[in-house]
Amino acid sequence: MAEAVAAAAAERAEKAAVAAAEKAAALAAAVAAAAAERDEEPSPPRGKADNKRKPRSDDGSDGSDGSDTSSDSGGARGKAPARGRGGRGSTLPKDPVARAQARQLKKRDLNREAQRRFRDRQKAALALLESTTQSQQREIEALRLTNKLLEEQYRVLMEQYKGLQLRFVTLQMKVGDVAPSGSK
C-alpha cells in the first residue's frame, strides 16, 4: 500500500514538473512573441527620430536626394547614405554640430531599443527560471513525501523481520531441545 502511495506521489510530482515546464515554455514563447511584435512594428512614440528615419529609407530606395546632395558638396554626402552610415539622406543638417546631434539621437534610439530587447530577454529568462524553480520545489516536496512513506514502510518491515527472527530462534531452540531427547 505504501508503495502504491509512493508511486502515486512520484507520478503526481512528475506530472506537476511537466506541466510547469510546459507553462514556462509557453510563457517564454509569449514574451518572445511580444518582443518580436514590437521589433516588427514601427515605433510611433519615438518623436523626432522617426521623422528623420523615414526620409532616409525613401532616400535609400529612390537615390534622387543623395545624388542632389553629392552634386552640391562634391560627392561626400552622396556616399554616406549608400554605405548606410552617417546619414539620414537629405534630412541631415549641413551644420556639423547639428549633424553630430542627429547622430547622437540616432545612437540613443538604437541603444534604447537594444536595452528594451535585452530587458525582454531577461524577463523571459527570469520567468523560465522561476517556473523551473517552482516545478523543482514541487518535485522535491513529492520526493520528501515518498521518502517519508518508504521510511515508514522500512520501519514496519524491520519490526516484522525482528519478530520473525525471534520466532525462528525460539523454534530452533525448541527443535534443538526435542531432537537430542528424541534421538536417545
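Data overview
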quantity: Calculated FRET efficiency for the pair ALA25/ARG144, C-beta based, R₀ 30 Å, to 0.05; calculated: 0.70
quantity: Virtual spin-label span in nm between VAL175 and GLN115, 7 Å along Cα→Cβ; calculated: 8.6 nm
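Each value in this text was obtained by applying a stated rule to the coordinates, not by laboratory testing. Being a predicted model, the structure only gives us computed values, none of them experimental. Glycine gets a Cβ as well: all are built from the backbone with ideal geometry, and neighbour counts include every protein chain shown.
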